[in-house]
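The values are calculated or read from the model by the stated rules, or taken from the named source; none is laboratory data. These numbers were taken from a predicted model, which means no experiment stands behind them. Positions of Cβ are backbone-derived with ideal geometry, glycine not excepted, and every protein chain shown enters the neighbour counts.
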Amino acid sequence: MSELDAKLLEKRTTDAEKQAKQIEEELDKIAKGDLSFIGDPNLDKLLSDNEKLKHRLAILENAIKVESSPNPVIKESRKRPNLIMDINSIEGSICILDELKNVFEIAIMSAYPSLEDPPVVITVSGNNPKFGDYQCNSAMPISQILKSKNVKTNPREVANNILNKAPTSPLIEKIEVAGAGFLNIYLNKALATHILSCILRYGIKPPPVKKEKVIVDFSSPNIAKEMHVGHLRSTIIGDSICRVLEFLNHDVLRLNHLGDWGTQFGMLIAHLQDMFPNYKTHSPPISDLQAFYKESKKRFDEDEEFKKRAYSCVVQLQSGQTDYIAAWKLICEVSRQEFQKIYDRLDIQIIDRGESFYQSRMDTVVKELKDKGYLEEDEGRLIMWGNPEKHEGIPLTVVKSDGGYTYDTSDITAIKQRVEEEKGDRFIYVTDVGQYTHFMTIDACARRAGILKGNRKIEHVGFGVVLGEDKKKFKTRSGDTIKLIELLDEGLKRSLDKLVEKGRDKVLTPEELKQAQEAVAYGCIKYADLSHNRINDYIFSFDKMLDDKGNTAVYLLYALTRIRSIARTAQISNEKLLEECDTSGFKLEHETEWKLAKVLLKFPEVILKVSSDLYLHSLCEYLYEISLAFTDFYDKCYCVEKDKSGNIVKIFYERLMLCEVTAKVMERCFDILGIKTVSKM
Ligand code: ARG
């Protein structure tokens, strides 16, 4: 909760309380026999206001509870009791926020031992140095809790009590009580210089976390159908989620849940047999599988004979008939090659494990669900409700009336496989928000069937629709759906235009120009997607994403190359910087240096937050924040001083060191976003 949120919440709570109290007083009077209200036209209104306010109060109290309850990552750290006593024991990466939570948890627990699970609310302070670097905003909610237990107190008093019990920590220089009961925390500079030196020397290390097996189901296009912009979003977001988790050393399984099974293969195989009778010996030259799909669909819809044959093909395929399996494999292969082109360009690693993988397992799962009595008959189908008592939403269709399986069947089977065979700890699915209900039903049914237990759950990473600049569904000018390869090609062309427009073709070698072109093209497409809150729809605009101002990949890539060039022009080697780091170290004297340093120190907490809520835009915002803090620093602080004729007269090594660390943190962020950086552009 930000300071502002906390203040608002506090204000709204006291307002609501005040009004509720007024009404209680009125009612009290009435109870004591004051009947002057009779005939008062406001009575009904007052009574109903009272109800509303009570309701509102309950909501606010709940909001406080939710807001202040720690997220899972923090819970994890709560189990880590060892408070840091010595800065030198920190090996390069520490989540300051978590450590401050440790400190204040101890303080709060010892100040108020009777409170069960008290809220430990720590936030980064705003820009005003008066508010310290971080804040503990626990005093307000704790004072509320105490008041509800009839303890007379106020937030300031609570804050002071917490302060008195706070253990000393080498992270903290001082703590102050301010305003209505905020605890302002000032970080110790020695901590910052230690961590920055570690980064300079050893690179960026992930903060320590408990290793988990995480299964990420993403991209997942459908065979013989086009891979559309929705799949592109899933690919970009999913890849980046994997990268965050891999950086934290989790065991990540990247799965492509391809739509590679189903009745559509009947008509495709039947059509294949007609068009390429010798497909078994000569690989058919299907270059345009979508057109092939359309042709077969047309025949299926118009020709009864063909339709019958298509159905029999499905049966043959599902019974594992060799020729049919071969035909199916052939068709899948053509699609896969198409998808692979996209993955290669975007540098995506993924393992194909389509719906067909679960074929035999589906039989077992269906039998099991049937035997345990979870399935109900419904007009010939077998369905399953997440909650048999309360039929909410849509049930899963586990078996169709013709005996076939569905998308639901493969997903309930897949989650069982992922829990029991893969032994996953987290199960992440990246699809458009439209599939949210589907996955929540899978979660509910899997829980009911005992597949998912305890805090194992399906995490649906939903995203909005891609819109064109006209805010309508993203289409080409002629109204066709956009082919992804063509979209990427256009990105390449536009990015080259942009570089040429800036005259970069005259300074870069052809090799460097090509690298810059690709980094910008794919980088801007990925960044535009990742930098928006994924839940929202987003407008695809090359003009916007190629803008070199604002929070765009182009701006940030330029910022990074500029930082890189500072050390290059000063002609200072890495060895020299390390030497200087050992002898004189970081100074962080100027206000903007200290600010930049603090932003850089936030990296672990940003990463941990993203790894828990899976919202990548906060990482993009962080990257932008670094670039702004850097610009501010670079505007105000000389790194290298030159005389009138351009000769270097003084080198500020500690600032060059800060540049280097900034570049390292930015590069790591880019890497996690799946964006390639270049040293020149
Ligand atoms: N193939 C599906 C589609 O295009 C996405 C699959 C997502 N993953 C899953 N396990 N259902 O919509």
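For every residue, the table says whether it meets (1) of a type in the set (Ser, Thr, Tyr); (2) modelled with pLDDT of 95 or more; (3) in contact with a Pro (Cβ under 8 Å, 6 or more places away or on another chain).
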{"site": "PRO388", "(1), (2), (3)": "no, no, no"}
{"site": "TYR407", "(1), (2), (3)": "yes, yes, no"}
{"site": "THR413", "(1), (2), (3)": "yes, yes, no"}
{"site": "ASP443", "(1), (2), (3)": "no, yes, no"}
{"site": "ILE451", "(1), (2), (3)": "no, yes, no"}
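What are the residues in the range 629-681 that are of a type in the set (Gly, Ala, Ser) and assigned to a helix (DSSP H, G or I), if any?
Of all residues in the range 629-681, those of a type in the set (Gly, Ala, Ser) come to 629, 645-646, 663, 674, 679.
ALA629, ALA663 - these are the residues of the range 629-681 that are of a type in the set (Gly, Ala, Ser) and assigned to a helix (DSSP H, G or I).
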Just checking, does the range 374-391 include any residue being of a type in the set (Asp, Glu), touching a residue at least 40 places away in the same chain (Cβ under 8 Å), over 29 Å from VAL466 (Cβ atoms) and more than 14 Å from the ligand (Cβ to nearest atom)? no
Listed by first then second residue, the pairs whose first member lies in the range 407-431 and is in contact (Cβ under 8 Å) with a residue 24 or more places away in the chain, whose partner is within 10 Å of the ligand (Cβ to nearest atom) and among the polar types (S, T, N, Q), with beta carbons under 7 Å and at least 6 positions apart or on separate chains, are VAL430/SER234; THR431/SER234
Those residues of the range 192-249 which are away from the ligand (no atom under 16 Å from the Cβ), under 30 Å from LEU467 (Cα atoms) and buried (at least 21 other Cβ atoms within 10 Å of the Cβ) amount to SER240, VAL244, LEU245
Within the range 225-283, restricting to residues that are touching a helix residue (DSSP H, G or I) at 6+ places or on another chain (Cβ under 7 Å), of a type in the set (Phe, Trp, Tyr) and part of a loop (DSSP other than H, G, I, E, B), the one that is farthest from TYR436 (Cα to Cα) is TYR279
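Look at the range 438-458 and say how many of its residues are of a type outside the set (A, V, I, L, M) and part of a loop (DSSP other than H, G, I, E, B). Working first, answer last.
We begin by selecting, within the range 438-458, every residue of a type outside the set (A, V, I, L, M); these are 438-439, 441, 443, 445, 447-448, 450, 453-457.
Checking the rest, the ones that are also part of a loop (DSSP other than H, G, I, E, B) come to 450, 453-457.
Looking only at that region, the number is 6.
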Within the range 521-552, residues farther than 20 Å from LYS475 by Cα and either touching a Lys or Arg at 6+ places or on another chain (Cβ under 7 Å) or surrounded by fewer than 15 Cβ atoms within 10 Å (Cβ to Cβ) (or both) come out as GLY523, ASN533, ILE535, LYS549, GLY550
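Look at the range 415-435 and say how many of its residues are part of a strand (DSSP E or B) and near the ligand (Cβ under 9 Å from one of its atoms). Walk me through how you get there before you give the answer.
Looking only at the range 415-435, we keep the residues that are part of a strand (DSSP E or B), and these are 426-432.
After this cut, where a residue has to be near the ligand (Cβ under 9 Å from one of its atoms) as well, the list is 429-432.
Number of matching residues: 4.
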Being at pLDDT below 90 and under 27 Å from the mean Cα position of the chain (by Cα), is that true of even one residue in the range 564-575?
no
If we keep only residues of the range 383-414 that are in contact with a Cys (Cβ under 9 Å, 6 or more places away or on another chain) and not in a loop (DSSP other than H, G, I, E, B), then the residue farthest from THR263 (Cα to Cα) is MET384
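Do the conditions hold for VAL365, that is, is it crowded, with 16+ Cβ neighbours inside 10 Å, over 28 Å from the mean Cα position of the chain (by Cα) and within 16 Å of the ligand (Cβ to nearest atom)? Outline the logic, then answer.
Numbers: crowded, with 16+ Cβ neighbours inside 10 Å: yes; over 28 Å from the mean Cα position of the chain (by Cα): yes; within 16 Å of the ligand (Cβ to nearest atom): yes.
Yes, satisfied.
Looking at GLU589, GLU593, GLU579, which is the one that is buried (at least 19 other Cβ atoms within 10 Å of the Cβ) and among the acidic types (Asp, Glu)?
Numbers: GLU589 fails: buried (at least 19 other Cβ atoms within 10 Å of the Cβ); GLU579 fails: buried (at least 19 other Cβ atoms within 10 Å of the Cβ).
Answer to the check: GLU593.
Would you confirm, using the coordinates I've provided, whether GLN349 is away from the ligand (no atom under 16 Å from the Cβ), outside any helix (DSSP H, G or I) and closer than 22 Å to ARG233 by Cα?
Working: away from the ligand (no atom under 16 Å from the Cβ): yes; outside any helix (DSSP H, G or I): yes; closer than 22 Å to ARG233 by Cα: yes.
Yes.
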Picking from LEU596, LEU600, the residue that is within 29 Å of GLY674 (Cβ to Cβ), touching a Phe, Trp or Tyr at 6+ places or on another chain (Cβ under 8 Å) and part of a helix (DSSP H, G or I) would be LEU596
For the range 603-623, the count of residues that are surrounded by fewer than 20 Cβ atoms within 10 Å (Cβ to Cβ) and not in a helix (DSSP H, G or I) equals 1
Of the listed residues (GLN264, GLN318), the one being within 41 Å of the chain's Cα centre (by Cα), buried (at least 16 other Cβ atoms within 10 Å of the Cβ), within 30 Å of HIS228 (Cβ to Cβ) and within 16 Å of the ligand (Cβ to nearest atom) is GLN264
When the range 146-191 is checked residue by residue, the ones that are buried (at least 21 other Cβ atoms within 10 Å of the Cβ), part of a helix (DSSP H, G or I) and out of contact with any strand residue (DSSP E or B) (no Cβ under 7 Å at 6 or more places or on another chain) are PRO155, VAL158, LEU191
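Just checking, does the range 459-474 include any residue being within 15 Å of the ligand (Cβ to nearest atom), assigned to a helix (DSSP H, G or I) and modelled with pLDDT of 95 or more? Don't jump to the end; show me each part of the working.
Applying the first criterion (within 15 Å of the ligand (Cβ to nearest atom)) to the range 459-474 yields 459-466.
From what is left, the residues that are assigned to a helix (DSSP H, G or I) are none.
Within the range 459-474, not a single residue is within 15 Å of the ligand (Cβ to nearest atom), assigned to a helix (DSSP H, G or I) and modelled with pLDDT of 95 or more.
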Residue match in the range 299-312 (condition: of a type in the set (Phe, Trp, Tyr) and closer than 30 Å to ALA521 by Cα)
no
**Message:** Could you go through the range 443-460 and let me know if any residue there is buried (at least 21 other Cβ atoms within 10 Å of the Cβ), touching a Gly at 6+ places or on another chain (Cβ under 7 Å) and closer than 19 Å to THR235 by Cα.
**Reply:** no
Expected output for the range 318-343 (first residue part of a loop (DSSP other than H, G, I, E, B), partner surrounded by fewer than 18 Cβ atoms within 10 Å (Cβ to Cβ), Cβ below 9 Å, 6+ apart or cross-chain) is GLY320/GLN359; GLN321/VAL315
Here the residues within the range 103-142 that are over 25 Å from the mean Cα position of the chain (by Cα) and β-branched (Val, Ile, Thr) are VAL103, ILE106, ILE108, ILE142
